[in-house]
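Read-outs: derived from the displayed coordinates by stated rules, not from any lab. Just so we're clear, the structure is a prediction, and the values are computed from it rather than from any experiment. Reconstructed Cβ throughout: ideal geometry from the backbone, glycine too, with neighbour counts over all protein chains shown.
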Amino acid sequence: MLKNILAITGKPGLFKLVTRGNNMLIVESLVDGKRMPTYARDKIVSLADVSMFTEGEDIALNEVLTKLGEKEGLKQATIDPKKADNKQLGDFFAQVLPNYDRDRVYPSDIRKLIIWYNILVNAGITDFTVEEENNEVAADTQKSVDNSQKKAAQKVQAKTQSKAAGPAAKTGVGAKKG
């Protein structure tokens, strides 16, 4: 389920992938249900691609969310991420993932994780598994995003090159001969 749930830099909340268009994705907010386009310039990350640092190997976000769901009984988190101080967040997260890397996982990361968890639970998404059969859809989505970003970069490069060439030299048409 997490393959189609997206985080978009600069936009609050989480989004569900609805469809793809030319050079854009149509997403729906899990918070208010509004649909909007996202373009190649937006940094888009699937939650299935996110992981957390631990003392050993990194652990996928879906596993962290599953552990958090087990601790909270698939209900809203008992801690308010906006009001909790850094020590409270660290203590809470240590109950969920005892071996998390305290040097590389910042309180802001824990705060964002809890906010994401609450958004998912409020939207009725409590199955945090990553379906293997949807890898083609996710690969197509990533390919579409990559292609959109390449096209946007090519347009910028073309504009930059045309500006660097400068204005075309004027010809003698209409010029006075002296």
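Quick notes on this one:
- Hits in the range 1-19 - residues which are β-branched (Val, Ile, Thr) and in a loop (DSSP other than H, G, I, E, B): Thr9
- Total residues in the range 57-98 satisfying the condition of being in a loop (DSSP other than H, G, I, E, B), touching a residue at least 12 places away in the same chain (Cβ under 8 Å) and under 24 Å from Ser46 (Cα atoms): the figure is 7.
- Output for the range 9-29, where each listed residue is under 14 Å from Lys43 (Cα atoms) and out of contact with any strand residue (DSSP E or B) (no Cβ under 7 Å at 6 or more places or on another chain): Thr9, Gly10, Lys11, Pro12
- Residues that are farther than 18 Å from Lys75 by Cβ and either touching a residue at least 40 places away in the same chain (Cβ under 8 Å) or charged (D, E, K, R) (or both) within the range 99-117 comprise Asn99, Tyr100, Asp101, Arg102, Asp103, Arg104, Val105, Asp109, Arg111, Lys112, listed in sequence order.
- Filter pass, Gly33 being within 19 Å of Ile125 (Cα to Cα), small (Gly, Ala, Ser) and either part of a strand (DSSP E or B) or free of Cβ contacts under 8 Å to residues at least 12 places away in the same chain (or both): yes
- Set Leu61, Leu68, Leu97, Leu89: member being under 16 Å from the mean Cα position of the chain (by Cα) and either under 16 Å from Ile8 (Cα atoms) or crowded, with 17+ Cβ neighbours inside 10 Å (or both): Leu61
- If you go through the range 120-131 and keep only what is within 16 Å of Lys67 (Cα to Cα) and touching a residue at least 60 places away in the same chain (Cβ under 8 Å), you end up with Leu120, Ile125, Asp127, Phe128, Thr129, Val130.
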